[in-house]
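Okay, structure first, notes after.
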Amino acid sequence: MKSFDRRGFMLLGLCVAVATALAAVAAVSRTADAQSAKAAAPSSCNLGHGVSHVINIVFDNVHFSRDNPNVPSDLEQMPHLLNFLKDNGTVFSNTHTPLIAHTANDSLTIYSGLYGDRHGQGLSNSYKTYNPNGSTDPATSFTYWTSPIIDTKTNPPFANTVDTAPSMVYSSQVPTTGAGTSKITPAPWVPFTRAGCTVGDFSTANMVLENSAVDVPTVFGASSPEANETAANPDPFKGVQTARYIGEAVHCAQGAAICSSSSRPVTDVLPTEPGGYNGYQALFGAKYIAPAIGGGPNQVHNGYQVTDANGNLVDFDGNRLEEPFTHEPGFPGFSPTATQSLAVLADMQEAGIPVTYGYISDLHERKADTRTGCTSATPQSVGRPLGPGDSCYTANARHYDTAFQKFFDRLAADGITPANTLFVISAEENDQFAGANVGRATQPTPAGCDGVTTPCNYANGQIGELQANIKGLLSGTASSSTLFDVEPQGASIYVHGQPAANDPTVRQLERDTAAMTANDPYSGVNGEHITKYQAGALEQRVIHMQTADPLRTPTYTLFPKGDYFFGTTGANVSINSSFAYDHGYYSPNIDITWVGMVGPGVANRHVDGPQPAEGNQAHDPEAANSVPEASNVGTWVEEADIRPTMLHLVGLTDDYLSDGHVITQALSSVPAALAATADLAAGYDQVNSSVGQFATDTLIADSKALASGSASDDSAYAAEQETLRQLADDRDNAASKIKQTLADAAAGKKPNNGEIQSGLSHVKELLKRASKLAGN
């Protein structure tokens, strides 16, 4: 979640542009304005297959499957959303994240259809970049699409002066070679604006401005009034500028009135976009967007208040949208609730913006707007985590459900319905609950609580990730004096000096991190190994973490057991009650999420995949299963598949080769060319997914190899690396050919039988070789 990223910055002395809405907003009384709105798509918007509107919503850490087997899942407690998706389309509950599984990487994969090695943010939500002296500086994954790398070592952050690659560094090929690091990943809004459809964004990763100090001058200009205003503000968090310029964007089709009639349109600059991108404008920030979509003071559309007496946008509860610390009207921060995000998306649609993207924060923390029906004794502070079935958690779910009821009703009054609108709604990750649960050594009380009729209670010390001090755990080992930095999302290790993968210092560190142990109060296991898997430099390439920028590539990455989160200070292991939902790791409790699709051309299959009570965590809280073992029900979907499927449903294409493919099971009518590729697409997923069978087996093999050997004999590692390198080369070659075949089929070119059989043969061979390497 983005609110988590704020923690990472605070550890660095920085929390710019990721302020979370932590304070209650003032209530605004409704007016009796009789105005109503009909949101017909502009005539210039040329989408296909009967689609006039597109609504894409990405949740953070909102679960289809249950965390506690007795407690209905997040979506089960949001029946207006769940039933809308099931009754009108399909929920794919066997959807898979890339690695590292976290907000930036996952969201950007959903938006672009590319894995992190190609869109540039394989380590999210932050990463390190190497300096010439071998040390590293931290950088944020959350930047505007065209911004440079933002070094967050300083407060406020500034563009990195050492690593000159773009933040969204693009690679057109796999494996990346490090060449062409000046290329920026193609932007998600381009096919829509080229088709005459304006695109609106609210709190979406990197399609909006994220950091005042860097993104504002990047977009408005270094000498612009906005940049001068930002620089002059002594507040290190730039709260006023966050409210005015951050978090909201409108990317206009050519000639769109919403930009041409604005007081402050700017050129929508995409300098390396395939095919060029000239003559387009955009609006950035609530200061310029709110007047364009709000319509003035005291506006009411179909009974829903849109603005207050001063013309400021309000949420579905009538509360003014404002930055929570300065109370400046505008963007409320990067942890928006459903009532905030959905209100703005409805405003945009009613203002004639037919394609809208929005982000909504999770339910698993105490919210500022949880005012009623919340009796939890702990936690008292807004933003603190809640266990499944906690009364504050269920109150959050009720509020979110009410917001979706209002959203769908308001859209229907505008004529925006499943008959003419493509809805794509998903959650970018499925974080693991670190705390007391059924099947663990500690459990919530009373026994059998369901959170609906009987709230679940958690005592102090029963909720919280296990904060592990990696340097403390290495004390007394041969690696105790090794200089390295840790990027905790994974955790990824950057050994100082950027040594080679087979450097003796690196190899010893890998052995020592593999051997770390601790006592887990939740599982009840003493002396358990914290590190479950490790990915060396070569395996990082296999799981799509090696970008076109070699200065940001970690030395290696370790994936701990789901209860743990790595830092470099404090006790070796302690319970951190401020955070209780872990992400990033290879785990079926994290890497399996969901996506729902509704609209013209979408099949009505209700739920494709496990039902909520059948998810992995409900019966496997320790995540003993591998991801493929836990994914044997329903269609295997990759988050990279969402983009090409969405574009196919609206009759558009990207000007680059996606890493995903059209989900044929999502289509009410499957063209013959696509039908012919169904088996090949399924095989492709298993060899190219970050968590598919190929990646799982190679990760198992690499974990064993990295833990093996000694300073005098490293032959097992050397042999594994030789085999893995050939496997990686062969996988990348086969995957490149298969993805081209799948893209051609989506364009209507039916592959011949020889092409299909050749691809399937490569898939079978690769899986067999990887399984052998893993020792299966």
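In table form, for the structure just shown:
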{"item": "Carbon/sulfur fraction of accessible area - region 203-282, other protein chains in place, 1.4 Å, %", "result": "54"}
{"item": "Summed residue charge, Cβ within 14 Å of residue 725's Cβ, Lys/Arg positive, Asp/Glu negative", "result": "-4"}
{"item": "Rg [Å, one decimal], Dmax [Å, integer] - region 289-374, C-alpha atoms", "result": "12.9, 38"}
{"item": "Residue-count net charge about residue 171 - beta-carbon cut-off 10 Å; Lys, Arg +1, Asp, Glu -1", "result": "0"}
{"item": "Sulfur and carbon atoms: percent of accessible area, region 534-650 [1.4 Å]", "result": "52"}
{"item": "Per-selection Rg to Rh, region 506-581 - Cα, Kirkwood hydrodynamic radius", "result": "1.02"}
{"item": "Straight-distance crosslink candidates among aspartates and glutamates, where the alpha carbon sits under 17 Å from residue 287 and sequence neighbours closer than 8 are dropped", "result": "201, 210, 215, 226, 229, 248, 308, 315, 322, 323, 328, 347"}
{"item": "Compactness relative to 2.2 N^0.38 Å, alpha carbon Rg of region 594-741", "result": "1.27"}
{"item": "Förster radius 56 Å - calculated FRET efficiency between residue 254 and residue 525, Cβ distance, rounded to 0.05", "result": "0.40"}
{"item": "Whole-number accessible area per residue in Å² for the chain, which is evaluated in the context of all protein chains at 1.4 Å", "result": "31"}
{"item": "Inter-centroid distance (Cα atoms) of region 703-776 relative to region 84-157, Å", "result": "25"}
{"item": "Total formal charge among the other residues, if their Cβ is under 10 angstrom from that of residue 93, Lys/Arg +1 and Asp/Glu -1", "result": "-2"}
{"item": "Residues of type lysines that residue 153 reaches as a straight line, Cα spacing below 26 Å, ignoring anything fewer than 8 places off in the same chain", "result": "2, 128, 183, 238, 471"}
{"item": "Under the Debye formula (equal points on every Cα, no solvent term), log10 I(q)/I(0) of region 707-766 at q = 0.18 Å⁻¹", "result": "-0.69"}
{"item": "Relative counts (whole %) of C-alpha pair distances in region 240-335, using bins that are 5 Å wide", "result": "3, 14, 20, 20, 18, 13, 7, 4, 2, 0"}
{"item": "Size descriptor, Kirkwood hydrodynamic radius, that averages inverse alpha-carbon separations across the chain, Å", "result": "26.1"}
{"item": "Cα centroid separation - region 621-654 against region 304-325, whole Å", "result": "37"}
{"item": "Ellipsoid equivalent to region 51-130 - semi-axes via the Cα gyration tensor, in Å", "result": "28, 18, 10"}
{"item": "Quarter of the Cα convex hull surface for region 581-679, i.e. its orientation-mean projected area (nm²)", "result": "7.7"}
{"item": "Rg(Cα)/(2.2 N^0.38 Å) for region 513-647, N = residue count", "result": "1.27"}
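The values are calculated or read from the model by the stated rules, or taken from the named source; none is laboratory data. Please read all numbers here as calculations on a predicted model, not as lab measurements. Methodologically, a virtual Cβ is constructed for each residue, glycine included, from the backbone with ideal geometry; neighbour enumeration extends over all protein chains shown. The protein model used for the area step is the full one, side chains on, heavy atoms only, and it has no ligands, DNA or RNA in it. Shrake-Rupley method; radii C 1.70, N 1.55, O 1.52, S 1.80 Å.
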